[in-house]
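Novice: Can you read through this structure? Questions will come right after.
Every number in this text was worked out from the coordinates using simple rules, so none of it is lab data. Remember, predicted model here, so these are calculated numbers, not experimental data. Heads up, the Cβs are rebuilt from the backbone with ideal geometry, glycines too, and the neighbour counts pull from every protein chain shown.
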Amino acid sequence: MDFRFSAEDEAFRHELRGWLAKNLPPDHRKPDFTVEFFADEEGEEWERRVAWHRRMHSGGWVAIHWPKEHGGRAASLTQQVIYHEELARAGAPQMVNAQGIALVGPTLMHWGTEEQRRRYLPKMLAAGEIWCQGYSEPGSGSDLASLKTTAVEDGDDFIVNGQKVWTSDAHHADMCFLLVRSDPDAPKHKGITYLLVDMHSPGISVRPLVQLTGDRGFNEVFFEDVRVPKANIVGGKNNGWLVALTSLMYERRARDMKPLVEDLARVAKSLTRNGKSAWDDARVRQRLAEFRAEAEAVRLMELRQLTARLKGRPPGPESSIPKLTYSELNVRLNKFAMELLGPYAQIEYRADHALDGGRWLYRMLAARGLTIAAGTSEIQKNIIGERMLGLPKG
Ligand SMILES: Cc1cc2nc3c(=O)[nH]c(=O)nc-3n(C[C@H](O)[C@H](O)[C@H](O)COP(=O)(O)OP(=O)(O)OC[C@H]3O[C@@H](n4cnc5c(N)ncnc54)[C@H](O)[C@@H]3O)c2cc1C
């Protein structure tokens, strides 16, 4: 693959950079993605993110990879890479509705009916409806196909009973894409249905879970005799496993780690160790140089796995490689930040006297979660070993 950007791509970068310079208020700029991904963000902070999302939407900068007929820009994969680079560079806050735009939207375009696309996509894009992902259950995470939440037919509806867990944003959500067991007698992968569920339906209760960081970003969700119209099936009854895999593969993406490495270099320059700047220590500079090289390698791996998609193929097992490498790099990088900060590392997020507002400790605590969400590191290694390298099943 040729890693240089074309003149057209550079023009795209210029347009976005100009738009961000004009439209991103300085007090909205955030140093990195991790903090916001996990932060509780009730009230004002959440509203600020919704407002930023809508501003991006008004500029045509939400879901740029979606086809134009559905409100996107039909941006090429290269432009999507540029898009994420520029948002990270500008310190743009996370938009809301990631689960909708990245996962359900493309899934509906592939598997949904015309009626479903018309009903859900415009609101998804404008953050008029927030989505959450109801896959994991207690006892069914890595082995997702063993899920037990039931859906029993009753006329034109299903009656859903069961429990989901770790459901990010369920406390904000209006809609959920839910996996249910619709045929208990079929082999486990063949008895699952993918449903679109109104989170305001009677019988749904959401209970927040407190994370290591102290935030409440994800939840337990309970379903008690919840009525879901059969019109909300996506991709056919008992075909949900195949539909769910489409969403999962779109979920395994790497983040650009370079801004985080650069931020850490800034910290090293500002800290004093043994009477000198930490940056003057050759070992510190070497570690940072290694991280910088690894971050670049992650970026190139992401570009490489996009090659298959440029050729028109849906994402496949190769999306596990950048996901695994970036999330593990993120852990090591934040551990090193703890070493560098020394006693400062213990001061909590947003506490008085915390260096950088305690972001580094927060990032460290949050980093493990990224090695678990969207499939754990062990599962990614299994996928790479078995499906790419042809190793025998463990
Ligand atoms: C921040 C965050 C957000 C999340 N958001 C959502 C969400 O919005 N919706 C949703 O549905 N889920 C969500 N999840 C859940 C996530 O998908 C699961 O946590 C994940 O799939 C792992 O499942 P589990 O927690 O049940 O762990 P388990 O599957 O019980 O795994 C426990 C340990 O065993 C290892 N293990 C399991 N099987 C194997 C194997 N075959 N080979 C080797 N090792 C194995 C795992 O790697 C792990 O270390 C989120 C998780 C996190 C951390």
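Novice: Based on what the data block shows, is Glu115 more than 16 Å from the ligand (Cβ to nearest atom) and assigned to a strand (DSSP E or B)? Quick ask: steps written out before the conclusion?
Specialist: On the way: more than 16 Å from the ligand (Cβ to nearest atom): yes; assigned to a strand (DSSP E or B): no.
It is false that Glu115 is more than 16 Å from the ligand (Cβ to nearest atom) and assigned to a strand (DSSP E or B).
Novice: When you look at Gly162, is it over 19 Å from Arg227 (Cα atoms) and more than 19 Å from the chain's Cα centre (by Cα), yes or no? Spell out how you get there, then give the answer.
Specialist: Numbers: over 19 Å from Arg227 (Cα atoms): no; more than 19 Å from the chain's Cα centre (by Cα): yes.
So Gly162 fails the test.
Novice: Say we look at the stretch 200-238 and pick out the residues that are away from the ligand (no atom under 16 Å from the Cβ) and among the acidic types (Asp, Glu); which of these is farthest from the chain's Cα centre (by Cα)?
Specialist: The qualifying residue farthest from the chain's Cα centre (by Cα) is Asp225.
Novice: Still on this structure, please answer the following. Show the residue pairs meeting these rules: Cβ distance below 8 Å; 6+ apart or different chains; first residue within the stretch 223-241 and among the acidic types (Asp, Glu); second residue surrounded by fewer than 16 Cβ atoms within 10 Å (Cβ to Cβ).
Specialist: Qualifying pairs under 8 Å: Glu224/Gly203; Glu224/Ser205; Asp225/Gly203.
Novice: Would you please list the contacts, defined by Cβ atoms under 6 Å and residues six or more apart or on different chains, that run from a residue in the stretch 367-380 that is outside any loop (DSSP other than H, G, I, E, B) to a residue that is among the hydroxyl-bearing types (Ser, Thr, Tyr) and near the ligand (Cβ under 6 Å from one of its atoms)?
Specialist: Listed by first residue and then by second, the contacts come to Ile379/Ser142.
Novice: Among (1) of a type in the set (D, E, K, R); (2) within 14 Å of the ligand (Cβ to nearest atom); (3) touching a helix residue (DSSP H, G or I) at 6+ places or on another chain (Cβ under 8 Å), which single condition is Lys164 missing?
Specialist: Failed condition: (3).
Novice: Follow-up. Considering each residue of the stretch 355-382, count those that are more than 26 Å from the chain's Cα centre (by Cα) and either within 16 Å of the ligand (Cβ to nearest atom) or closer than 14 Å to Gly214 by Cβ (or both), and give that number. Give the derivation first.
Specialist: First pass over the stretch 355-382, keeping only residues more than 26 Å from the chain's Cα centre (by Cα): 355.
Filter again for either within 16 Å of the ligand (Cβ to nearest atom) or closer than 14 Å to Gly214 by Cβ (or both), leaving none.
Qualifying residue count, the stretch 355-382: 0.
Novice: Please give the strands (runs of 3 or more DSSP E) falling wholly within the stretch 169-258 in which 1 or more residues are under 30 Å from Ala90 (Cβ atoms) and touching an Asp or Glu at 6+ places or on another chain (Cβ under 9 Å). Give the derivation first.
Specialist: On the way: elements: 175-181, 192-198, 204-209, 218-229.
Once the strands (runs of 3 or more DSSP E) in the stretch 169-258 are filtered for at least 1 residues that are under 30 Å from Ala90 (Cβ atoms) and touching an Asp or Glu at 6+ places or on another chain (Cβ under 9 Å), what remains is 175-181, 218-229.
Novice: Now, a different point. Kindly list the number of the only condition in (1) surrounded by 18 or more Cβ atoms within 10 Å (Cβ to Cβ); (2) without any contact (Cβ under 8 Å) to a residue 24 or more places away in the chain that fails for Ala351.
Specialist: Condition not satisfied by Ala351: (1).
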